[in-house]
Amino acid sequence: MTQKKKVLLSGIQPSGKLCIGNYIGALKNWVNLQDDYDSIFLIVDLHALTIKQVPSELRNRCMSFLAQYIACGINPEKNTIVIQSHVPEHAELTWVLNTLTYFGELNRMTQFKDKSKNNSSNINTGLFTYPVLMAADILIYQADLVPVGADQKQHLELSRNLAQRFNHNYSDTFPIPEPFIPKFGARIMSLQEPDKKMSKSDENENNFIALLDTPDIIMKKIKRAVTDSNTNIEYNQNRPGLANLLTLHSILTKGTIESSTMYFKGKMYSELKNELGEICVEYLRPIQDEYNKIIKDKGYLNKILKSGTEKARYKARRTLSKVYRKIGLVPFPR
Ligand code: AQP
């Protein structure tokens, strides 16, 4: 008898430009996991609204992210790919979960504190309740596993607490989602400020390599990457710029940090940067070629969105009906 696959849920905010950090930390892992799990990959556009967006850009970016997910190897037939706002049950469950979440719990969230600091002219309530929407994203699909980076652990903990609280107050409804730490996870750092992580909406575009950057731009960005004033090539966490380039090299060549370090031993920084630049260009070329084909085919993209939304809404509706019934809302007369 075949066992039911576990449900895995993950998503990316359609903000900025998808970058090699997102690819290594998320998309590449999703591709590796897609055979083993019943996966739902979201484009979380409602989350993106917590930061000011230009409406036409947000709309285009969602479609572009969809095409990039597929170009990176996410199979839309094996997985459910969906834009969050196409499944209104996310927002509906958020409201119910809001009534179970304590102000103090949200007030402790470090990401809220960080994002408020970086966004001081727009500390909106959405930024504050963001973790509740994230909990709804997870619980609406009864997800068992959620791949998370260190920065999201606190949010996942809230999702687990809310699932337990709901189950305790009413009756068993939600599985308690587990964090999923991918076997090969690496945190890619910013090219110019290697003490902070590479981010797709960094104001300084030299800090990240976008998946759709042209070969020229990729070469330029890597050549400009900050290293240090030493000359020898070794892997050392105290030399974060160099360590980051070696990490990137090892991942893109499917090697190890040791093999990359050995390979560049005795060579100059400029050789490392040149080779890494070329490797990056070649690595991204097939993804970009595929993207350029897919993005033109609006009919294909819309078909994927429709079938993804249908599958997702079916699951989401079932969960929400159960929740509404348990909390005492009157079912719509049939
Ligand atoms: N530098 C990184 N290294 C490895 N993984 C990374 N991820 C992001 N940056 C790196 C992973 O990509 C996914 C993106 O999730 P998100 O868009 O919800 O938010 P984020 O983590 O805030 O990503 P960014 O790129 O920093 O976005 P912006 O700049 O728009 O806020 C997650 O799985 C994350 O772990």
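Some points to look at:
- Within the accessible area of the stretch 213-293 (1.4 Å probe), percent carbon and sulfur: 53 percent
- When each of K5/K78; K113/K220; K117/K153; K28/K293 is checked by Cα-Cα distance, pairs over 24 Å: K113/K220
- Sum of -39500 (n - 2.57) over DSSP H runs of 4+, divided by residues of the chain (222 nm, nearest 500): -16000 deg cm²/dmol
- Here the contact order of the chain, divided by its residue count and restricted to Cα pairs under 8 Å and six or more residues apart, works out to 22 percent.
- Taking all C-alpha pairs of the stretch 213-293, those more than 21 Å from each other amount to 27 percent.
- Summary of packing: across the peptides 124-133, 65-74, the per-residue average of other C-beta atoms within 10 Å ranks them, highest first, as 65-74, 124-133.
- In this structure the amide hydrogen of M198, modeled in the peptide plane, comes within under 5 Å of the amide hydrogens of I188, M189, S190, none closer than 5 places in sequence on its chain.
- Structure remark: mean-square fluctuation, Gaussian network model of the chain, C-alpha springs under 10 Å; the largest value among K322, K223, K17 belongs to K322.
- Under 5 Å, built H, 5+ apart or other chain: amide partners of I83: I43
- For the stretch 165-182, Karplus couplings with θ = phi - 60° (6.51, -1.76, 1.60), whole Hz, Gly/Pro x: 5, 4, 4, 6, 6, 10, 7, 3, 10, 10, x, 8, x, 9, x, 10, 9, x
- Per residue, the chain exposes 51 Å² of solvent-accessible protein surface, assessed with a 1.4 angstrom probe and all protein chains in place.
- The stretch 125-167 - percent of accessible surface contributed by carbon and sulfur, probe 1.4 Å: 50 percent
- Extreme residue, positive dipole direction of the chain, given options L305, G255, A150 (C-beta unit charges): L305
- Across the chain, the longest piece that holds none of the GluC sites (Glu not before Pro) lying in DSSP loops with up to 13 other C-beta atoms within 10 Å covers 78-202.
The values are calculated or read from the model by the stated rules, or taken from the named source; none is laboratory data. This is a predicted model, so every value here is computed, not measured. Heads up, the Cβs are rebuilt from the backbone with ideal geometry, glycines too, and the neighbour counts pull from every protein chain shown. Calculation scope for accessible area: heavy atoms of the full protein, side chains included, ligands and nucleic acids excluded. Shrake-Rupley method; radii C 1.70, N 1.55, O 1.52, S 1.80 Å.
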